[in-house]
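The values are calculated or read from the model by the stated rules, or taken from the named source; none is laboratory data. What you see is a predicted model; the values in this text were computed from it and never measured. Positions of Cβ are backbone-derived with ideal geometry, glycine not excepted, and every protein chain shown enters the neighbour counts. These accessible areas exclude ligands, DNA and RNA; they are computed on the full protein's heavy atoms, side chains included. Shrake-Rupley method; radii C 1.70, N 1.55, O 1.52, S 1.80 Å.
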Amino acid sequence: MPVKNRLAELHDDITAWRHDIHEHPEILFETHRTSALVAKKLREFGCDDVVEGIGRTGVVGVIKGNATGSGKVLGLRADMDALPIHEQTGLSYASKTDNAMHACGHDGHTAMLLGAAQYLSETRNFDGTVVVIFQPAEEGGGGGREMCEDGLMERFGIQEVYGMHNWPGQPVGSFAIRPGAFFAATDQFEILIEGLGGHAAKPHETADPTIMGSQIVMGMQTIASRNADPVDQLVVSVTSFETSSKAFNVIPQRVHLKGTVRTMSAEMRVLAEKRIHEICEGTATALGGKAEVVYHRGYPVMVNAEAQTEFAADVAKSISGQCDEAPLVMGGEDFAYLLEERPGAYILVGNGDTAMVHHPEYNFNDDAIPAGCSWWAEIVEQRMPAS
Ligand SMILES: [Zn+2]
Ligand SMILES: [Zn+2]
C-alpha cells in the first residue's frame, strides 16, 4: 500500500496522540481537554489560522498551500467526542473516566486528521486552502449542525467537505463508500398514553394503558411492513415501555413509550411520523384512553454527492488498490449537516476484526492510521494539485 514516507514516520506520534485522547474521553460538547490539545497541536504545526469555539468546543485550522491561485477550499472533518459507556478493554491506556469511553473511534479520527494536518502544514504541496474541522458532539448532540450554524462554511469559504469513519469488520486500512443516501435520518419519539388505572382484579372498571401500549407497539410494526414500499428502508423500534405502576395488582394510569425511527428518504420520514400519530391516537381512543405523540426530528439523511464520492473512491484506490461499495447504514451521522451545506463525501476505513463501535470492548485500530492519513493527504493533493 503506497503510504507517504512522511506519514509513515509520523505513525508513532499519531498513535501516541490517539492513546492520550483515548485515556481522557469527553462526551458531547464537553471536549474541553481534547479541543485544547487539538488547537495546541495545530498551532505547533504552523497552521495559518487556528480558531476555537466554533460550535461551542469545535476547533478549525486553516492551511494554505504553496499556491492558492486555484481559489479552491476543502473542508476535512473529524469528530472528537466519546460515549457514555464504561470501558471494558483492559488496555493500558483505557479510559480514566467512569462511564466515558472512546467506543466509536473518534480518538482515532481526531489523531489521524491531526497527523494529516501536520503533514500538510510541513509540505504544502497543493494549490488552494485546506480547512481542518474538529467537531464535538457527533454522538447525538448535533455538534456538526452547531458548527454550521456558527457560519463554518461561509467564514472559511469551504466549497467541498470530506469525512471518514473507521469500520469494524472491514479489512484494516481498506476503504468503502457509496454515492447518494448513505447513513439514515435518526428521529426519536415519545408516546404518553393515558388510561384509567385501578384494581388488577377489576379490569372492567379500568381503561388499561398497558393494553393500549402493547397494541400500539405491535401496530407500529405495520408501518414498515404494510405502509412503506418494501424496497425502501424504514426502521421503527420501541426501546422503552414504562408504566406508572410498580405493583403486581395495580393497573396503571399511564404508559410512557420511547423509541427511534430510521429512514433513508424524506418520503419515508414523513410517512413514519404521520402513521405513528394515527396508530397511537387511534388505538388509544378505540380502547378508551388517549395518546400524545412527541416526535423529534434528529440528524437528517446523510447524502454523499456523486462527483465527490467518485473522486474519494479514486483516491482510496490510489492508496489501497481498491475501494468497495459500502452498505447502507441505518445509524445516523452528524456529518449529514455539513453535506447539506456543501457537496462532499464520507468514506469508511477498515478497522479490521474488532468489536463493533459502541461496544465496551471496541478499540480503534492503530494499524488503520497510515491508510486514513494518506487518504486525507491525497484528497488534498489530488483535488488541488500543485502546478
Ligand atoms: Zn458512534
Ligand atoms: Zn462515530
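Computed over Cα pairs, the Kirkwood radius of the stretch 1-160 leads via Stokes-Einstein (1.567 mPa s, 4 °C) to a diffusion coefficient of 81 µm² per second. For the chain, the number of Lys pairs separated by eight or more positions or lying on different chains, with C-alpha atoms closer than 30 Å, is 23. The stretch 297-354 and the stretch 164-183 have Cα centres lying 7 Å from one another. At a probe radius of 1.4 angstrom, the accessible area of the stretch 150-222 per residue rounds to 39 square angstrom.
Nearest 0.05, what FRET efficiency do Glu281 and Asp98 give at R0 = 56 Å with Cβ-Cβ as r?
Once rounded, the FRET efficiency stands at 0.85.
As a fraction of the 1.4 Å probe accessible area of the chain, surface on carbon and sulfur atoms comes out at 50 percent. Rg/Rh for the stretch 249-387 (Cα atoms only, Rh after Kirkwood) is 1.15. Rolling a 1.4 Å probe over the protein heavy atoms gives the stretch 302-387 an accessible area of 36 Å² per residue.
Rounded to the nearest whole angstrom, the semi-axes of the ellipsoid equivalent to the chain, taken from the Cα gyration tensor as √(5λ), stand at 45, 22, 18, largest first. Note that the stretch 258-264 has calculated 3J(HN,Hα) couplings of 9, x, 9, 10, 10, 9, 10 Hz, one per residue in order, obtained from phi through the Karplus relation 6.51 cos²θ - 1.76 cosθ + 1.60 (θ = phi - 60°); glycine and proline are x. Putting +1 on Lys and Arg Cβ atoms and -1 on Asp and Glu Cβ atoms, find which of Ala355, Val236, Gln322 reaches farthest to the positive end of the dipole of the stretch 236-387. Going by the Cα projections, it comes out as Val236. Secondary-structure-derived ellipticity at 222 nm for the chain, considering helices only, amounts to -11000 deg cm²/dmol, per-run term -39500 (n - 2.57) for DSSP H runs with n ≥ 4.
With the convex hull drawn around the C-alpha atoms of the stretch 102-255, the volume per residue stands at 206 Å³. When the trypsin sites (Lys or Arg not before Pro) in the stretch 91-147 are filtered for DSSP coil states and for at most 15 other beta-carbon atoms within 10 Å of their beta-carbon, the remaining sites are Lys96.
Set Lys and Arg Cβ to +1 and Asp and Glu Cβ to -1, take the dipole of the stretch 1-154 about its Cα centre, and tell me which of Ile133, Leu10, Gly151 lies farthest positive. So the residue furthest toward the plus end is Leu10.
Estimate the FRET efficiency between Val231 and Glu52 by the formula 1/(1 + (r/R0)^6), using the beta-carbon distance for r and 41 Å for R0, to the nearest 0.05.
Numbers: r = 46 Å, r/R0 = 1.12.
FRET efficiency, Val231 to Glu52: 0.35.
Residues of the stretch 271-293 falling in the label zone of Gln221, defined by backbone nitrogen less than 14 Å from a point 7 Å along Cα to beta-carbon, are absent.
In the stretch 235-327, which chymotrypsin sites (Phe, Trp or Tyr not before Pro) are in a loop and have at most 11 other Cβ atoms within 10 Å, using DSSP for the loop call? Loop-located and lightly packed - Phe248. Counting 0.36 nm for each residue step from Asp314 to Asp353 and taking away their Cα separation leaves a gain of 11.6 nm.
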